[in-house]
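Below is one structure, written out as structure tokens; the observations come after it.
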């Protein structure tokens, strides 16, 4: 018996030693990584301190081990020591967004367990080898946008089996787009503003035009642009024009024919040339006439999980804003500040209608002159950020589907919404109405959407989303929804589009609900695709909708905030993500709800009971039968009974 106890003791000591050695490995690896950086503002990264317990800046842990690095916006440069990262065995995600790294892409492909790479807004350059991503079968998210990468998009990238997000916009990638091997998985794509050419493969058919804009050489059905024979590609990523034998034969044939046609070229009539010149002049005049209307065509961008992705203003754009301030101030002074009045250019065709002038009056010309950034694409339309000359930052949403009502009725609804005031709703500032589309202008919230804070760059921003803050957010969402239901009690669904991407956070993490009360304005045919309330069980099963559908959306939001998981209900195709409702309801029945709480708020917390209490409220709001769901007022009351 003594020998058995001795062996058990040795085993325990060995386990504890191995555990401490693992923690020590993470610490040593991070300190080694720090040395590879230039101008590293990582004061919390000091030796003899546990990275997880001491909460080193940008270090995310789970179960006492480092699982992610989010070193965002720290002005880091130098060489990223991938060998140091290899020593962090539990590493799943790395983010170096908005730093100053240069050179070729680091050898992250040696980190075969990575699930996410975020390298946006750096100065990486050069080509990426065609087989770079082959070892990285676990990758789900790849963000390389706003760098200087060139050459062909690697085939290996398009063959990743689990890839759900791919952002390569604003680089210098060229050549043809490789075929996407698993189109059913990918749900967020942006290849815009590169130098890509040829036909867009059919495997990308579910994505919108905005995902490919800024590539003049692209063609195909998605762009409504016919391809030449040399552009046409099959769905294996090969083009008929790239087949050497055929192209050589065609080239030789064309040379022979051209020798016999030279004389015909000479005799082109002056009348033909005049006709061409006339067409060019007419096109130029029409283009100038449409210019003001078409300036907002840049709004369309990739569908980023139906959320507005917040993008920081670059220094260059801030400078542009400063230089334009005097001009914009002059324009602003020339406009009226009366609520509900029109502002902008003469004629009214391109005017904005102010419905809330608490931030000052502005017109379409102010937006045209503003430093603008594309943000993303949501359920109702695309969006961009504009910083005007007076420093006011706004989000402009282009909503083509708000075309159900005539002009007078639409104006009345927007002015009604503009009069609303509540601490937890984001009231629009202005709108612009044309038959083809509508623009809705709201104040920009620097913290971004709740979806971005929860699921985007989980770095310093996410670190502040502790339990008291999440509880405050949930209570604010509930109060805002209660107010909307009181104001629009006669509506079939008073909010209609409540989801985390439509909850904006101000500097104090106070939630502001946006995109509400749009159901009566939206084209009936597009409602099931555009509004989140139409993903409720009652609509999917019986095509019925009611105010209880908003309660379902509130329940999904509560579950999302407490678990930190992205719900599959947000995805258009119903694939990927997590069926968070079924997941939570099953765990509650099995008395395992505590296991579902986001570790970032549950570890070491004395408020687990309150978190479980909120999970149960969320589950009660998401019952499949609307009659069995909590009434909204009762749900709000129960939420306010929960204290941290």
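The values are calculated or read from the model by the stated rules, or taken from the named source; none is laboratory data. Keep in mind that what you see is a predicted model, and the values were worked out from it rather than measured. Backbone-built Cβ (ideal geometry, glycine too); neighbour counts: all protein chains shown.
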Regarding the range 181-194, can at least one residue be identified that is buried (at least 20 other Cβ atoms within 10 Å of the Cβ), over 23 Å from residue 374 (Cα atoms) and touching a residue at least 24 places away in the same chain (Cβ under 8 Å)? no
Quick check on the range 147-163. Is at least one of its residues crowded, with 22+ Cβ neighbours inside 10 Å, touching a helix residue (DSSP H, G or I) at 6+ places or on another chain (Cβ under 7 Å) and free of Cβ contacts under 8 Å to residues at least 60 places away in the same chain? no
Suppose we filter 206, 176, 225 for residues that are surrounded by fewer than 18 Cβ atoms within 10 Å (Cβ to Cβ) and touching a strand residue (DSSP E or B) at 6+ places or on another chain (Cβ under 6 Å); which single one remains? 225
Every residue from the range 101-114 that is surrounded by 16 or more Cβ atoms within 10 Å (Cβ to Cβ) and free of Cβ contacts under 8 Å to residues at least 40 places away in the same chain: 101, 106, 108, 109, 111, 114
How many of the residues in the range 510-531 are within 19 Å of residue 554 (Cα to Cα) and touching a residue at least 40 places away in the same chain (Cβ under 8 Å)? 12
Reported set for the range 513-529 where residues are under 12 Å from residue 399 (Cβ atoms), out of contact with any strand residue (DSSP E or B) (no Cβ under 9 Å at 6 or more places or on another chain) and in a helix (DSSP H, G or I) is 526
Subset of the range 479-512 [more than 20 Å from the chain's Cα centre (by Cα) and in a helix (DSSP H, G or I)]: 479, 480, 481, 482, 483, 484, 485, 486, 487
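Residues are listed down the side, and each one gets a yes or a no for (1) surrounded by fewer than 23 Cβ atoms within 10 Å (Cβ to Cβ); (2) under 19 Å from the mean Cα position of the chain (by Cα); (3) closer than 17 Å to residue 564 by Cβ:
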| position | (1), (2), (3) |
| --- | --- |
| 468 | yes, no, yes |
| 477 | no, no, yes |
| 516 | no, no, no |
| 522 | yes, no, no |
Which one of these does residue 420 not meet: (1) assigned to a helix (DSSP H, G or I); (2) in the same structural domain as residue 357 (by TED's automatic domain parsing); (3) modelled with pLDDT of 90 or more? (1)
Just a yes or no: is a residue in the range 48-57 in the same structural domain as residue 144 (by TED's automatic domain parsing), crowded, with 21+ Cβ neighbours inside 10 Å and in a loop (DSSP other than H, G, I, E, B)? yes
Failed condition for residue 391, given (1) more than 25 Å from the chain's Cα centre (by Cα); (2) farther than 22 Å from residue 527 by Cβ; (3) surrounded by fewer than 18 Cβ atoms within 10 Å (Cβ to Cβ): (1)
